[in-house]
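The structure appears below as C-alpha cells.
Read-outs throughout are calculated quantities, based only on the coordinates presented, and are distinct from any laboratory measurement. Because the structure is predicted, anything quoted here is derived from the model rather than measured. In this analysis, Cβ positions are derived from the backbone assuming ideal geometry, glycine residues included, and neighbour counts consider all displayed protein chains.
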Amino acid sequence: MDTNDSLRVASLWYSMHAISQQLSPTNGCSGIELLEVDTFDLHCFQSLTGTKFFVVCETGTQHMEALLKVIYELYMDYVLKNPFYEMEMPIRCELFDINLTTAIQKDRVALLGR
Amino acid sequence: MPPAAPRSGDAIFASVERVNAELFTLTYGAIVRQLLTDLEEVEEVNKQLDQMGYNIGIRLIDEFLAKSNVSRCVDFKETAEMIAKVGFKMFLGVTASVMNWDADGTCCSIVLEDNPLVDFVELPDTCQGLYYCNILSGVIRGALEMVAMKTEVTWIRDMLRGDDAYELQVKLLKQVPEEYPYKDDE
C-alpha cells in the first residue's frame, strides 16, 4: 500500500468509526473496536486523545488489544517525542518503522509459541 | 482482557529513566536566557514559553495516558486531581494540590510545593514581568486541549516574584468534543 492508499483507508476508517458512534443504540459509545469479516479481523484502539490505531489480521487472531497497546507506546515514544515530527502528518519516522516491525515479529513468534 | 489498573504518579516516576535534576534546571535556564536575548521583551518571552509548553503538552498527553492507564475523567474536578497528583508527580517528581474551586467546578488552583525549574534562580530587576515557569502553563493548556478541553491557565502566585508558593489557576472555558465529519442537516 502506498501513502495515498493508506491515507484513503485511514480517512474511510475515521468516518466509519465516527458514524458507528452515532449509530449506536446506547449513549456513550466510543466507536468500533472489532470488525469481523470472513477473510480478516480488524481491531481498533482509540486513545483518549482521539487517535485511532487499527490492525488488520487473520480471523481469530488473539491478543490484538495487547499489540495495539504496544503500538500506542511505540507511537508515543518514537513519533511524539521526535521534535521533527509534525502533529497530524503522515508518520515518516524510521525508528518507529523499525521498532514497529520488530514488535509485530515478536508478537508473531509469541503467537506461534502459544 | 481486563483493563489495567491506573498507576500512581509515584509508581510511574519510579519506573522511568533518570537524568540529573541540575542538568534539567540548567537547560531550562539556558532556554529562558536565550529567549530573553533573542526577543528582548519580557511579554514576548512569556508568550513564547507558553507556546513551547503548548507544543510539549500536545505530545505529552499521550505519554501521560499510556503510562498512567487512566480512564476518561468524569468531570473537571477529576481532571484537575489527575494533573496535580499523577501528572506533576510523573513528570516533575513534585506533589501538587488542588484548591480554591469555584461554584461551577470549572476553575481551580493547582499549588506546587516544589518546583525543580527554579532551583538557584533569582529574577533580576530588568525581568520583573517575566513568568519564569510559563512553560508549565502551556503544557497544561496543550495537554487538555488534546482531550477536548479548552482552558486558560495563568499564574496566580510565583515565588520568584516574591509570593510564598507557586499557584496556577486552571479555568475550563469549554468542552470541545470531536467534530463528526457529517452534519445532520446536510
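Observations on the model:
- Charge dipole of chain A about the Cα centre (unit charges at C-beta), most positive-ward option of A:44, A:98, A:76: A:76
- The lysine pair count for the protein assembly as shown, using Cα distances under 13 Å and pairs eight or more places apart or on different chains, is 7.
- Inter-chain Cβ neighbour count for B:59-68, averaged per residue, equals 5 (cutoff 10 Å, partner chain atoms only).
- Rounded to the nearest 0.05, the FRET efficiency derived from the C-beta distance between residue A:20 and residue A:102 at R0 = 25 Å is 0.20.
- Leading residue at positive end of dipole, the protein assembly as shown (Cβ point charges), from B:159, A:30, B:139: A:30
- Using alpha-carbon coordinates, inclination of helix B:21-39 to the longest axis of chain B, degrees: 80 degrees
- DSSP-assigned coil residues among GluC sites (Glu not before Pro) in the range B:63-121, each with at most 15 further Cβ atoms within 10 Å: B:113
- In terms of the mean number of neighbouring beta-carbon atoms within 10 Å, the peptides B:171-177, B:140-146 order highest first as B:140-146, B:171-177.
- Size of electric dipole in chain B: Cβ of Lys, Arg +1 and of Asp, Glu -1, about Cα centre, debye, nearest 20: 600 debye
- What separates the Cα centres of the range A:1-75 and the range B:87-105 is a distance of 34 Å.
- Modelled spin-label separation between residue B:125 and residue B:18, with each label point placed 7 Å from Cα along the Cα-to-Cβ direction: 4.2 nm.
- Most fluctuating residue given options B:79, B:25, B:126, as computed from a GNM of chain B linking Cα atoms under 10 Å: B:126
- Net length gained if the chain between residue A:84 and residue A:40 were fully extended (0.36 nm per residue, minus Cα distance): 12.3 nm
- Which of B:64, B:120 has the fewest Cβ neighbours within 10 Å, and the rest in rising order: B:120, B:64
- Helix B:42-68 and the longest principal axis of the C-alpha atoms of chain B enclose an angle of approximately 40°.
- Paramagnetic label reach from residue A:7 (point 7 Å along Cα→Cβ; backbone nitrogen cut-off under 14 Å): within the range A:80-114, residues A:88-92.
- Inter-probe distance in nm under a simple model that places probes 7 Å from Cα toward Cβ, at residue A:51 and residue A:95: 1.4 nm
- Farthest positive-ward along the protein assembly as shown dipole, Cα basis, beta-carbon charges - from B:173, B:82, B:13: B:13
- Springs join every pair of Cα atoms under 10 Å in this Gaussian network model of chain B, and among B:122, B:17, B:152 the largest mean-square fluctuation is at B:17.
- GNM top mover of B:75, B:125, B:50 - chain B, alpha-carbon springs below 10 Å: B:125
- For the range A:1-87, chymotrypsin sites (Phe, Trp or Tyr not before Pro) meeting the loop criterion (DSSP other than H, G, I, E, B) and having at most 10 other Cβ atoms within 10 Å: A:84.
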